[in-house]
Each structure stands twice: as C-alpha cells, then as structure tokens.
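**Q** Below is the structure I would like to discuss, written out as structure tokens.
Read-outs: derived from the displayed coordinates by stated rules, not from any lab. No experiment lies behind these values; they were computed from the predicted model shown. Note that each Cβ is placed from the backbone with ideal geometry, even for glycine, and that neighbours are counted across all protein chains shown.
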Amino acid sequence: MTRFASSTRSVPTTSAVPRHVAIIMDGNGRWAKKRMLPRVAGHHRGVEAVRVTVRNCLERGVEYLTLFAFSSENWRRPNEEVSMLMQLFVRVLKEEVRKLDRNGVRLRVIGDLARFDPELQALIQASEQRTAANTRLILTIAANYGGRWDILQAVNRMLVSDPEKSGEWKECDLAPYLAMSYAPEPDLFIRTGGEQRISNFLLWQLAYSELYFTEVLWPEFDVIAFDAALLSYQQRERRFGRTSEQLPGASTVGAASTGLPIDA
Ligand code: IPE
Ligand code: IPE
Ligand code: MG
C-alpha cells in the first residue's frame, strides 16, 4: 500500500482539484434549533449532507474525503446525544456500506476505536473489509479522533519500533505511524457552521492545507457550497515556502527553486 511522506520536507504535487478534502461537519445542532427541532434532527439531516458530499467528490474527481464525525471531546455532550450519535453511526454503517461499495468507495475509520462498544467496532471492521478493494474514493471517517491523540499514538509506536535509536528521529520516521499514513495530506480543509477553529482535528496533517471556513450549516452543505469551496481553493497560490516566481509555470527567469529537500 502507498505510504505518503506526511512531512514538510518535500513539496507535494498539486492540481486544480484537491486530491484530499478534509471536513469538519459543524452546525447540525444550530440547523435544528433554527427550525425548533431537537438536535437529533440536525444530525439526521447531516447524514444526508454526507451522502451529497460523497457524490460531489466522486463527480469532481477528489480521491480522498475525510470527515470529522465525532471528536475525542464530544464525549462531554449530554449522554442522550452521545448515545444517539452512536446509534446513528451504527445505522448508517449498516445501511450505506453496500451503496459505497457499489460506487467504488473504500471506507476507513480512524480514531481511538477501543472506546466504542464491541458491536460498533465489529461493524466498522466488517465495513472496512467489505470495501477494502475499492480505489475510486477513499472515504475516511474520524470517530473518537483527536489530533493530539494521533500524534501521541504515532510517537509511542515509533519509539518502540527501534528502542536503540534515540534523538535522531525525523518527520518521515513518524509519518508511517499516523492514523492516515495511507493518504496524502489534505489539500483543502473545510469547516462548515461558521466557527474558525481546528477543534483538535488533523493537527499534524493540516500543516500546509488550504483552510476554508463557511457560514453554511452542515445539513445545508450542498453542491453549490462544495463548488464554492473548490473555487476558493483554485484561487490560492500554494507556495510551500517558496516565492511566487519559483512556482512551476512562473514566467520569471532565474528564480527556479533548488528543488532540494529541506534538512530536518
Ligand atoms: C456537528 O454539529 C456534529 C457533531 C459534532 C457530531 P454540532 O452538533 O456540533 O452542531 P452545532 O455546532 O451545535 O450547531
Ligand atoms: C467538531 O465539532 C467535531 C466534529 C464536527 C465531529 P464541535 O462542534 O464539537 O466543535 P467545537 O467543540 O465547537 O469546537
Ligand atoms: Mg458544533
């Protein structure tokens, strides 16, 4: 399986359509509140927005879609909401996997899954196995995920991999142990619902992602809202530390990048 460097030491290739889109799906509760509905109604509508977004990614040629479904901090919510979200997760997995499989979508779930009940863990595993051969779109659901948890679990596994080695670790040594080592880093990060924060999502992997925040609430994140994010992405200049003149296709003569990797 391809492993990506997940490192700031090399410059990734970029294209007009982001290869990897990572989304914090926020605003379900506020969507429901505006309609005098219980928060759970917002989460149900949120599932519909997930279907729409998967379809949009397939149509636009996005290769990796990563969705933040439940953070390691979301356990702090009222018990009923947490257990309702778990039930919804189980139901969606049961109902949607066949369709994902038919559409060539590979499902992966990242996060500290040990905290989930055994039925859900088994279902996650079965769903991942069923879709394991698919390559059209890699859909990653981050569940009980936290960016700090990810970095720490990776550091711990890296350190025991070679107990003799000390003090010489590099970025590229850590990368294979991160939860999403199978994916390139997100090109485009989207957060719906108006908040402008990362909320402990992919901390390591977002180092050079383009950030896009929208007021649109997650249940209303439709193809128009998705295309607006893609358009904004297309207007960004991704320099990765270089000057404009050094970018491929720049007309200025004599400003070419050395192309050398940066020393760690
Ligand atoms: C995001 O919507 C979904 C989850 C965190 C599971 P919220 O439930 O956070 O919605 P708001 O932020 O209260 O509107
Ligand atoms: C972030 O949303 C987590 C998910 C979307 C799953 P929250 O609504 O929980 O984020 P904060 O706590 O308001 O930052
Ligand atoms: Mg929220």
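**Q** Can you list residues whose amide H is under 5 Å from Thr66's amide H, if they're 5+ apart or on another chain and H is modeled 1.01 Å from N?
**A** Residues meeting the amide H criterion: Val21, Ala22, Ile23, Thr140.
**Q** Any aspartates and glutamates with Cα under 16 Å of the Lys165 Cα? List them, leaving off those in the same chain fewer than 8 positions away.
**A** Filter leaves Asp173.
**Q** Near Lys99, which aspartates and glutamates are there with a Cα under 19 Å away, not counting those fewer than 8 places off in the same chain?
**A** The reachable aspartates and glutamates, counting only those whose Cα sits under 19 Å from Lys99, are Glu48, Glu59, Glu63, Glu128.
**Q** Which residue, Trp204, Leu93, Pro118, has the largest displacement toward the positive end of the dipole of the chain when charges sit on each Cβ (Lys, Arg +1; Asp, Glu -1)?
**A** Ranked along the dipole, the leading option is Leu93.
**Q** Per the helix-only calculation at 222 nm, which mean residue ellipticity applies to the chain, given -39500 (n - 2.57) for every DSSP H run of n ≥ 4 and division by its residues, nearest 500 deg cm²/dmol? Walk me through the numbers before you get to the answer.
**A** Working: 7 runs with 97 residues, N = 264.
The helix-only estimate for the chain comes to -12000 deg cm²/dmol at 222 nm.
**Q** I need to check one value: relative contact order of the chain, counting alpha carbon pairs closer than 8 Å and at least 6 residues apart, in percent.
**A** It comes to 30 percent, rounded to a whole number.
**Q** Name the shape class, rounded, prolate or oblate, that the alpha-carbon gyration tensor gives for the range 111-259, where a ≥ b ≥ c are the square roots of its eigenvalues, rounded holds for a/c under 1.5, and otherwise prolate holds if a/b is larger than b/c and oblate otherwise. Don't skip to the end; give the middle numbers.
**A** On the way: a/c = 2.06, a/b = 1.18, b/c = 1.74.
It is oblate, given that a/c is not under 1.5 and a/b is not larger than b/c.
**Q** Once you've got the GNM for the chain with C-alpha springs shorter than 10 Å, pick whichever of Asp162, Asp173, Asp101 has the biggest mean-square fluctuation.
**A** Largest GNM mean-square fluctuation: Asp162.
**Q** Could you give the distance between the Cα centres of the range 156-181 and the range 212-226, to the whole Å?
**A** Here the two parts' Cα centres lie 37 Å apart.
**Q** Apply the Karplus curve 6.51 cos²θ - 1.76 cosθ + 1.60, θ = phi - 60°, to the phi angles in the range 191-203 and return the couplings in whole Hz, x for Gly and Pro.
**A** 10, 8, x, x, 6, 10, 8, 8, 6, 6, 7, 5, 6
**Q** Same structure again: Determine ³J(HN,Hα), in whole Hz, for all residues of the range 103-114 in sequence, where each value follows from phi through the Karplus function 6.51 cos²θ - 1.76 cosθ + 1.60 and θ = phi - 60°; x replaces Gly and Pro.
**A** 8, x, 9, 9, 9, 9, 10, 10, x, 7, 6, 4
**Q** Let me ask something additional. Which of Leu37, Leu202, Leu139 moves most in a GNM of the chain, Cα contacts under 10 Å?
**A** Leu37
**Q** Same structure again: Starting from a Cα-only point model with no solvent, please compute log10 I(q)/I(0) by Debye for the chain at q = 0.09, 0.10 1/Å.
**A** -0.44, -0.54
**Q** Give the long-range amide H neighbours of Ala207: residues separated by 5 or more places, or on another chain, with amide H under 5 Å away, using H modelled in the peptide plane at 1.01 Å from N.
**A** The answer is none.
**Q** Another question, if that's okay. Length gain on complete extension for the stretch Leu88 to Lys170, per 0.36 nm per residue less the alpha carbon to alpha carbon distance?
**A** Numbers: separation 82, 0.36 × 82 = 29.52 nm, distance 4.03 nm.
So the chain would gain 25.5 nm between Leu88 and Lys170.
**Q** Another question, if that's okay. Output wanted: per-residue J couplings in Hz (rounded whole) for the range 210-221, from phi through Karplus 6.51 cos²θ - 1.76 cosθ + 1.60, θ = phi - 60°, x for Gly and Pro.
**A** 7, 9, 9, 10, 10, 6, 4, 7, 3, x, 9, 7
**Q** To make sure I understand, if each residue's beta carbon is the centre and we count other beta carbons within 10 Å, what order do Val50, Val17, Val160 fall in, fewest to most?
**A** In increasing order of surrounding Cβ atoms, one gets Val160, Val17, Val50.
**Q** In nm, to one decimal, how far is the modelled label at Gln153 from the one at Gln125, with both set 7 Å along Cα→Cβ?
**A** Label at Gln153, label at Gln125, 1.5 nm between them.
**Q** Would you grab the residues whose amide H sits under 5 Å from the one on Arg136? Only those 5+ places off in sequence or on another chain, please, with H modelled 1.01 Å from N.
**A** Correct list: Arg106.
**Q** Another question, then. Which one of Ile224, Ile190, Ile198 has the biggest mean-square fluctuation once the chain is modelled by GNM with Cα springs under 10 Å?
**A** Highest fluctuation of the listed residues: Ile224.
**Q** Moving to a separate point now. R0 = 25 Å: FRET efficiency of Glu48 with Thr14, Cβ-based, nearest 0.05?
**A** Calculated value: 0.20.
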